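Comments concern the structure below.
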Amino acid sequence: MRDRDGTELELQTRDMMDREGVPDGTTVTMKARSERDVREIIREAHDGAAPLRIVGSGTWLRGGHPVDAGRRLDVSGLTGIVEYVPGDLTLTARAGTSLAELGDATAAHHQWLPLDPFGDPRGSLGATLATASCGPLGSSIGQPRDLTVGLTFVTGEGQAVQGGGRVVKNVAGFDLVRLGIGAWGTLGVLTEATVRLRARPEADETLALALPAEPDRLADFLTSLRQAAIDPLCAELLNGALATRLSLGDGEVLLVRLAGNPVAVHHQRDVLARLGDLNEAPGTTWTKLRESDPRDGLVVRMSRKPSELPRLWAAARTITSVEAHATVTRGIVRLRIPDGLTIADADPLAAFDEDDARIIEQGRAGDGVMPSPAGVGELAERLRLAFDPLRILNRGILGESPHDRG
């Protein structure tokens, strides 16, 4: 297969069942090596009304609802740093570039990209932005939409559009950066992004603070923590099972990361020590936390407003054989449910309220992102009509019903 400029596109045939929902039979993978390849593949798919499953490094294939597509568009070949200006604290890279590669490149200049999603460090920049994934740093430094200043993607009609920094072409009336991030590839295939960097702090310490043993004291503990004169980069509650995995003991702990100038960090450490038994922990604990999601089983995110975190944490405590952690400032609890239990089972999530927002970050066919509220769904439909009118990109990944598909 060749595009209109004569560039050969790689085709790979797989005689296997696609676990993300592709029908039985042959799955064809079209591997793009450039943005031009992406445009050409999508144009042909659009002309034939043939849906595409967007695939990068493959670390997010178990997220979202099953995708209804018999072809894959593999963008893992779109790698490399396009431009890095250390003095401006900005970096532009192709979407298939791994977060690990970006970390290595920026470390040489004593800088870092504070995107810290849970999962494999081989995960790509494009997948992180497409899923709007963030980790413990999201509440202090910012989430993907806050850290991205420019974005390029190819729409469902094969048109390349850009927004924000490094603008060549834009679409009037849309904030393309904020629209593309978190759309799960349903508005377009991300090909390039420009992100903000941070200078590495002089002091960076990780501490573990034992949580009160009495469950009814957690709310008072969190209130004291919020009122304390500290400004942590990260603050995560860990249940006993997860604390044990991370070699922090067998009881519940608050894992805290303090960073900045040495004087400020020392002062904040003294403040934390007044709240309970404080111990040092390796800085690598955060990396272990992000990379320790199970290969099998389910990962579920439950959320409400931050004031309801004590109730959510109390519900998580009732589930046995589950590793759980919670972001103190965001009211989010993540549950790692072992293989053998499913979301359809009444037991795992029965302790939570029906109105608690539930997102399946990692699941099997049939699990996935829960349907959005009606108002959000209507807005999303109008956006898809503008960018992907035939819904060929990641069809079904957001849980749209069959009659909504093109």
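The values are calculated or read from the model by the stated rules, or taken from the named source; none is laboratory data. As the structure is a prediction and not an experimental result, all values here were calculated from the model. All Cβ positions, even for glycine, are placed from backbone atoms using ideal geometry, and neighbour counts span all protein chains on display.
Among the residues of the range 212-243, those identified as touching a strand residue (DSSP E or B) at 6+ places or on another chain (Cβ under 6 Å) and either closer than 24 Å to Val299 by Cα or of a type in the set (Phe, Trp, Tyr) (or both) are Leu233, Cys234, Ala235, Glu236, Leu237, Leu238, Asn239, Ala241, Leu242, Ala243.
When Leu102 is tested against (1) modelled with pLDDT under 95; (2) closer than 23 Å to Ile181 by Cβ; (3) assigned to a helix (DSSP H, G or I), only condition (1) is not met. Please specify each residue of the range 273-289 satisfying the condition of being surrounded by 19 or more Cβ atoms within 10 Å (Cβ to Cβ) and either touching a Phe, Trp or Tyr at 6+ places or on another chain (Cβ under 9 Å) or more than 22 Å from Leu137 (Cβ to Cβ) (or both). Scanning the range 273-289 gives a single hit, Leu289.
Does the range 320-338 contain at least one residue that is within 24 Å of Arg53 (Cβ to Cβ) and modelled with pLDDT of 75 or more? Reasoning before the result, please.
To start, the set of residues in the range 320-338 that are within 24 Å of Arg53 (Cβ to Cβ) comprises none.
No, because not a single residue in the range 320-338 is within 24 Å of Arg53 (Cβ to Cβ) and modelled with pLDDT of 75 or more.
Counting residues in the range 71-85 that are more than 15 Å from Thr128 (Cα to Cα) and part of a loop (DSSP other than H, G, I, E, B) gives one or more.
Conditions tested, residue by residue: (1) part of a loop (DSSP other than H, G, I, E, B); (2) of a type in the set (Ser, Thr, Tyr).
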{"site": "Thr29", "(1), (2)": "no, yes"}
{"site": "His46", "(1), (2)": "no, no"}
{"site": "Ala69", "(1), (2)": "yes, no"}
{"site": "Thr92", "(1), (2)": "no, yes"}
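From the list Ile343, Ile359, which one is at pLDDT below 85, assigned to a strand (DSSP E or B) and buried (at least 16 other Cβ atoms within 10 Å of the Cβ)? Being at pLDDT below 85, assigned to a strand (DSSP E or B) and buried (at least 16 other Cβ atoms within 10 Å of the Cβ) holds for just one of Ile343, Ile359, which is Ile359.
Quick test for you: out of Arg145, Arg178, pick the one residue that is under 25 Å from Ile332 (Cβ atoms), modelled with pLDDT of 90 or more and outside any loop (DSSP other than H, G, I, E, B). It is Arg145. Taking the criterion of being closer than 15 Å to Thr191 by Cβ and among the small types (Gly, Ala, Ser), the residues of the range 62-108 that qualify are Ser76, Gly77, Gly80, Ala93, Ala95, Gly96.
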